[in-house]
Amino acid sequence: AKQEGRGCFRYFTQNLTYAARERIDLEARLHRAVEQDELRVYFQPQVDIATGRIVGAEALVRWLDPKEGLIPPSRFIPVAESTGLIADVGEWVLRHTCLQGKKWIDAGLPPLTLAVNISPRQFLRSDIGDTVARILQETGFPPTCLELELTESALMEREQDVVTLLNRLRDIGVRLAIDDFGTGYSSLTYLKRFPLDVLKIDKGFIDGIPHRKDDGAIAAAIVAMGQTLGFKVLAEGVEHEGQLAFLQSTGCNMYQGFLRSPPVPADTFRELLVHAHAP
Ligand code: C2E
Ligand code: CA
Ligand code: CA
Ligand code: CA
């Protein structure tokens, strides 16, 4: 047993070393990726349920590694978040999205709200307001067209600071959304206290619709509660017509999902938009 224990220990340390090395390697490569323009922003349409029109898009980052190809955010956002590199990645995504949005406005496309994910660590830096204001100014993208997606976990930290940060962002004129709603340790009281505009119902509650009655009931309750408190409600991860029909019956305002389109590169998004709005 002793022998076995030692073996286990060696196995464990070797794995740890490997994991640590891989992480340091990824960190260094990601750092380079930001500098060498290997990041890309994809856009996923946000659709008004009542009219079927595309009213906005969520910006989702990808990493185009010369060797590995397209790397999804699930592989590098957590690393970026834990190393602090998220500030650079996040600022890059924000600037790139505002620049793209400005190009679309200048090209005469219908006005859109572009939503950018802000990670908890990025949000809790006290200069987030300055960063957002500076990027809006540099790019000329209108504040009212920018939405920031925040997670419940970021909002649950240091409540008084959070209220100050949110109010500062509100003053700049951007819209605020709460992402993955219903998955965190949320306290419903913060919904009243925080100046938010949009609730995004997590895909986890949408998946079971229409066959799972409890998922449908939760989604309908979030829509009713959110709207009573003055928010717009958006359902994430809508893949089937049945889900959309159910959401329509609840009065949910918007949806996002593969049913309409996966996240796509800017040029493809523009084609979607032009096509959707053609007479
Ligand atoms: P999220 O913010 O909840 O983004 C939604 C995710 O769901 C996206 O995955 C999107 O591609 C996916 N999705 C959308 N509709 C459907 C659907 O109908 N079915 C399925 N199965 N999936 C759908 P993605 O792009 O891989 O992003 C994963 C997560 O990575 C995001 O979750 C977000 O937490 C994070 N992320 C992505 N881009 C950024 C970024 O620029 N900054 C930060 N901080 N996080 C980001
Ligand atoms: Ca999001
Ligand atoms: Ca989400
Ligand atoms: Ca999510």
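What to note about this one:
- When you filter the chymotrypsin sites (Phe, Trp or Tyr not before Pro) in segment 139-236 for DSSP loop state and at most 12 other Cβ atoms inside 10 Å of their Cβ, you are left with Y185.
- Full extension of the chain between F258 and L188 yields a length gain of 22.3 nm, computed as 0.36 nm times the residue separation minus the alpha carbon distance.
- Given their separation in residues at 0.36 nm each and the Cα-Cα distance between them, Q160 and M225 gain 21.0 nm when the chain is fully extended.
- Here the spin labels are modelled as points 7 Å beyond Cα on the Cα-Cβ line, and at D48 and D267 they lie 3.0 nm apart.
- Charge tally in the Cβ shell below 10 Å around W92, where Lys, Arg are +1 and Asp, Glu are -1, W92 excluded: -3
- Karplus-derived 3J(HN,Hα), 6.51/-1.76/1.60, for each residue of segment 25-36, Hz, glycine and proline x: 4, 4, 4, 5, 5, 5, 4, 5, 4, 5, 6, 9
- The chain: relative contact order as a whole-number percent, Cα under 8 Å and 6+ apart: 17
- Chain lengthening between T83 and E68 when straightened (0.36 nm per residue, less Cα-Cα): 3.2 nm
- Cα-based Lys pair tally, the chain, threshold under 30 Å, eight or more apart or on separate chains: 14
- For the chain, the Kirkwood radius over C-alpha pairs fed into Stokes-Einstein at 20 °C and 1.002 mPa s yields D = 106 µm² per second.
Bear in mind these aren't lab numbers, they're just calculated from the coordinates by the rules spelled out. Keep in mind that what you see is a predicted model, and the values were worked out from it rather than measured. Cβ coordinates were reconstructed from backbone atoms using ideal geometry, including for glycine residues, and neighbour counts include every protein chain displayed.
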